[in-house]
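The values are calculated or read from the model by the stated rules, or taken from the named source; none is laboratory data. Note that this is a predicted model, so its numbers are computed, not measured. Every residue, glycine among them, receives a Cβ derived from its backbone with ideal geometry; neighbour counts consider all protein chains shown.
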């Protein structure tokens, strides 16, 4: 888990509303995630100190370095653009059976499938697009709060789930079971499939070279025999049609 120390996410119900909290490393007080600034590689997608504790440090830093933000973007502009280009390329090349916006519209009630909160919920790819596997289809999409989405990042979701509290782990197991059913796998097979995807990442060149679905590749590499989901056959037909048009 990228060297992170396992911690427990605590859900506190305030007036019937699910609230995700964590402890500030400086003042040691339990505070909601809104009290912490965002950090993609931080625990739960946040910095370790609350805004009140970090405010004097931040003020002093920007007083010494007034042009830091502009200089940082100027130095890394090409890197940021390249990362965005690669991610968009992977998303277009991997299976896409449904657009994220359409997935949101089809769902009657949008709430985080782990915490239950309805505030700031986003659609998350269970197998991250950056791994070069999975894709945008119902069997790889879940609803997560933006905070949990940031915390999950691009790590194996089954490894990520080990840092959740017991109640959240049960909800995660239910989500994994639902996705396994959609993909035509048992829960244990689905976990092996997801783990294989993370152990065998692909870049944009690899994905374009072999556009078969990840679940089909996994079945071939492992030698397991099971019926493939309907979307796999539909995608293969489309790929063959494109090849015929080009030839």
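Details
- Positions within segment 157-173 being touching a residue at least 24 places away in the same chain (Cβ under 8 Å), in a helix (DSSP H, G or I) and closer than 15 Å to residue 124 by Cβ, in sequence order: 157, 158, 160, 168, 171, 172
- Any hit, segment 128-141, residues being touching a strand residue (DSSP E or B) at 6+ places or on another chain (Cβ under 9 Å), farther than 19 Å from residue 87 by Cα and in the same structural domain as residue 91 (by TED's automatic domain parsing): no
- Scanning segment 140-156 for residues that are touching a helix residue (DSSP H, G or I) at 6+ places or on another chain (Cβ under 6 Å) and under 21 Å from residue 206 (Cβ atoms) yields 154, 156.
Conditions tested, residue by residue: (1) at pLDDT below 90; (2) crowded, with 21+ Cβ neighbours inside 10 Å; (3) out of contact with any helix residue (DSSP H, G or I) (no Cβ under 8 Å at 6 or more places or on another chain).
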{"site": "137", "(1), (2), (3)": "yes, yes, no"}
{"site": "158", "(1), (2), (3)": "no, no, no"}
{"site": "164", "(1), (2), (3)": "yes, yes, no"}
{"site": "177", "(1), (2), (3)": "no, no, no"}
{"site": "180", "(1), (2), (3)": "no, no, no"}
{"site": "185", "(1), (2), (3)": "yes, yes, no"}
{"site": "195", "(1), (2), (3)": "no, no, no"}
{"site": "199", "(1), (2), (3)": "no, no, yes"}
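- Within segment 183-197, being farther than 18 Å from residue 128 by Cβ and touching a residue at least 40 places away in the same chain (Cβ under 8 Å) holds for 184, 185.
- Of all the residues in segment 114-128, those that are modelled with pLDDT of 90 or more and either farther than 17 Å from residue 173 by Cα or over 12 Å from the mean Cα position of the chain (by Cα) (or both) number 1.
- In segment 61-102, residue surrounded by the fewest Cβ atoms within 10 Å (Cβ to Cβ) [restricted to those that are outside any helix (DSSP H, G or I) and modelled with pLDDT under 80]: 99
- Scanning segment 40-60 for residues that are touching a helix residue (DSSP H, G or I) at 6+ places or on another chain (Cβ under 7 Å) and part of a loop (DSSP other than H, G, I, E, B) gives 40, 47, 50.
- Scan segment 1-42 for residues that are surrounded by fewer than 16 Cβ atoms within 10 Å (Cβ to Cβ), modelled with pLDDT under 60 and closer than 22 Å to residue 160 by Cα and the total you get is 10.
- Test: residue in segment 48-56 that is closer than 29 Å to residue 166 by Cβ, in contact with a strand residue (DSSP E or B) (Cβ under 7 Å, 6 or more places away or on another chain) and either exposed (fewer than 10 other Cβ atoms within 10 Å of the Cβ) or at pLDDT below 70 (or both): no
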